[in-house]
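The values are calculated or read from the model by the stated rules, or taken from the named source; none is laboratory data. Model, not experiment: these values are computed from the prediction. Cβ atoms come from the backbone with ideal geometry, glycine included; neighbour counts cover every protein chain shown.
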Amino acid sequence: MLRGRILENKLSSLYKAGKIVGGVYLGRGQEAVSATLGTALIQGTDFFAPLIRDQAGRTAFGEPLIDCTRTYLGSVKGPMRGRDGNIHRGRPDLGMPAMISHLGAQVSVVAGMLFAKRLQGTLAGRVGATCIGDGATSTGAFHEGLNLAAIERLPLVVVVANNQFAYSTPNDRQFACADLVEKARGYGVGGFSVDGTDMLACVSVIGEAVRRAREGGGPQMVVARLLRLSGHGEHDDGSYVPAEARVDHYGQDCIEVAMQQLIENHFATAEEIVAWQDQIADEVQRAVAQAQQEPVPDPYQEDWTALSTRFPLDQPISQPIFS
Amino acid sequence: MSVTYIDAIREAQEKLLREDDRVFLYGQDIATFGGAFKATKGLAEKFPNRVFDAPISEDAMIGMAVGAAIEGMRPIIEMQFADFSSVAFNQIVNQAATHFYRTGMPIPLTVRLPSGGTPGSGPFHSQSMEGIYAQYPGLVVLTPATVSDAYHMLLDGVALDDPVIYCEHKFLYRWLKAKSINGDHLPIGQARITRPGKHATVVAYSAMVHEAVRAADRLVQDGWEIEVVDLRSVKPLDLDTILASVARTGRLLAVGEAFPWGGVTAEIVARVTEEGFHLLDAPPQRLNARDTPVPYHPKLWAAHRPTPESICEALRKLLSF
């Protein structure tokens, strides 16, 4: 959680300093949900398709910070090599597919990864998970994907972070059911609700959903209620979020709640947490500095081909490069 | 003993299921029922747990195939009709087609699109989508016109590491027969001179190859020898074979069954004009379906798509220039 928050604070500063081209999308306020899911998954066995507010979950799943900074800063050494940016990154060979911008689209992809493992006879004990927001529950892709996973009874966990706003659109313009978790029943999948600002509650509920999927209980859906504590992206000040939403229970900062929980339950002392913050700030600084020193892509060195196959007779449409 | 075009597609899938553990079939009504066109008849019985009925969820069908391909499988997805692939458009062009460029990991999936018009099929069971998919980087788009190509290009397409849009023409399914499934087996990306000639070149693909050959047959009586080039794959596009043909004939007509705005025929005319302007003795022409939805009534449908008559007329105009 802390790694996600501190890294993203740095990304925000870099964006505001004009050092990042394109959007910066933060998971501020969603770290408890995201990190809990990432922690419940096992890299190398499980699959995780993060969405735009899952820096904390990515880190918890095992994505190194340098993958993030390289992608945001356009380093050619990053997983996307400057061909895609920001949160549109992944390591599909390590069980973490790269999201596309079209919401809901990763649900069926994770289902397919799990389906492949069933055909290969190695599904037992494995889980696939993806995160979406309240807005994505309105897409056809979400519906189709979750329904497909339910038909196949795949060990898929879909975590819905209901952060009350899809970009600027509030819940009452997004869905009409009383609670999004009602949808789980309609699909024939397990449904859980959790306070997404409460880390210990997330650990318990999301952990239980992952456990049930892993043990053969079929798809599970967790709806976590919280408030996005940033704009949609750093270009957006989120001024449409009413003041009362910010001061209500779900407007509380999950990081502060988590720190308090750690101290109260004697998992860590305040001094230890400060030491973690210092250590992470140092890690983040190094990941940024390294990515900043690395080469950016060179249009003259690009092969400009979207296929892995080379067809001997195919003549690429030649276009001059002006840069 | 003759083999139909759809027999070839079924045979190819059977061979793939038999020889490659990574292959599985997924599509609506394709398991016990054997598919709307029976392209998978009997395969679910022969290969248990390799042939699956899908829900009516074209988007999720392709998303699922992308995920399975990431994990090492080679899914073949049957769209019940090419037209319905519009529902899966996002997963095809944004997920599957961008994956290799973005991540370096290719996505070996094959989408079978029962394409093109048949009498009475109407606006939503008749479309030709090859031009739309060819527009997007990252897809291989195949348009077999012969029984042998239907067989070999499906085998070769599934063997590719990239996503393949395999456009099979519904009109050819049972109408087109061959003595044997084995033809010249050209590689993907190479066009074929279906019929040699010297006065004009018709570049066509899929069912339009047969309409072009019919038109060429008719023009023989007027003393015209028309060369017909079968593209076989619209992407990659074998421009060399087209240019060599145009160099011989000096005249080009590109024929396609898709809608006329842009598309494969426009691409051919543009590329030949760019690369072979000096070879042309007349302005290159193209003939497509009309710029309306595909009509239901056979009389309207027959006047909507290119026919031997309209191809003859276009060729006469081209030859008289």
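Brief remarks on what is shown
- You will find that of B:Ser126, B:Ser180, B:Ser115, B:Ser148, the residue that is over 21 Å from B:Glu71 (Cα atoms), at pLDDT below 95 and of a type in the set (S, T, N, Q) is B:Ser180 and no other.
- Within region B:242-266, the set of residues being more than 20 Å from the chain's Cα centre (by Cα) and part of a loop (DSSP other than H, G, I, E, B) comprises B:Gly250, B:Arg251.
- Options B:Asp156, B:Asp230; residue that is modelled with pLDDT of 95 or more, out of contact with any Ser or Thr (no Cβ under 7 Å at 6 or more places or on another chain) and on the phi < 0 side of the Ramachandran plot: B:Asp156
- In region A:106-125, the residues that are surrounded by 24 or more Cβ atoms within 10 Å (Cβ to Cβ), of a type in the set (Gly, Ala, Ser) and in contact (Cβ under 8 Å) with a residue 40 or more places away in the chain: A:Ser108, A:Ala111
- Candidates A:Ala176, A:Ala124, filtered to the one that is part of a loop (DSSP other than H, G, I, E, B), under 30 Å from B:Leu109 (Cα atoms), more than 14 Å from every other protein chain (Cβ to nearest Cβ) and over 16 Å from the mean Cα position of the chain (by Cα): A:Ala124
- Across region B:233-267, the number of residues qualifying as touching a Ser or Thr at 6+ places or on another chain (Cβ under 6 Å) and either under 27 Å from B:Ile165 (Cα atoms) or of a type outside the set (S, T, N, Q) (or both) comes to 8.
- Residue within region A:287-298 that is free of Cβ contacts under 8 Å to residues at least 40 places away in the same chain and not acidic (Asp, Glu) present: yes
- Of all residues making up region A:233-272, the number that are within 19 Å of A:Ala56 (Cα to Cα) and not in a loop (DSSP other than H, G, I, E, B): 11
- Residues that are among the aromatic types (Phe, Trp, Tyr) and either assigned to a loop (DSSP other than H, G, I, E, B) or buried (at least 24 other Cβ atoms within 10 Å of the Cβ) (or both) are absent from region B:173-196 altogether.
- Residue tally, condition assigned to a loop (DSSP other than H, G, I, E, B) and within 19 Å of B:Pro55 (Cβ to Cβ), over region B:1-38: 9
- Tallying residues that are buried (at least 18 other Cβ atoms within 10 Å of the Cβ), more than 14 Å from chain A (Cβ to nearest Cβ) and more than 14 Å from the chain's Cα centre (by Cα) within region B:225-241 yields 3.
- The single residue among A:Gln260, A:Gln285 that is surrounded by fewer than 17 Cβ atoms within 10 Å (Cβ to Cβ) and either among the aromatic types (Phe, Trp, Tyr) or within 23 Å of the chain's Cα centre (by Cα) (or both) turns out to be A:Gln285.
Matching residues to (1) assigned to a loop (DSSP other than H, G, I, E, B); (2) modelled with pLDDT under 95; (3) farther than 22 Å from A:Tyr187 by Cα:
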| position | (1), (2), (3) |
| --- | --- |
| A:Gly78 | yes, no, yes |
| A:Arg81 | yes, no, yes |
| A:Ile87 | yes, no, yes |
| A:His102 | yes, no, no |
| A:Leu114 | no, no, no |
| A:Cys131 | no, no, no |
| A:Leu148 | no, no, no |
| A:Leu154 | yes, no, no |
| A:Val157 | no, no, no |
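- Within region B:59-109, the only residue that satisfies the criterion of being under 21 Å from A:Leu154 (Cα atoms), more than 7 Å from every other protein chain (Cβ to nearest Cβ) and over 22 Å from the mean Cα position of the chain (by Cα) is B:Ala69.
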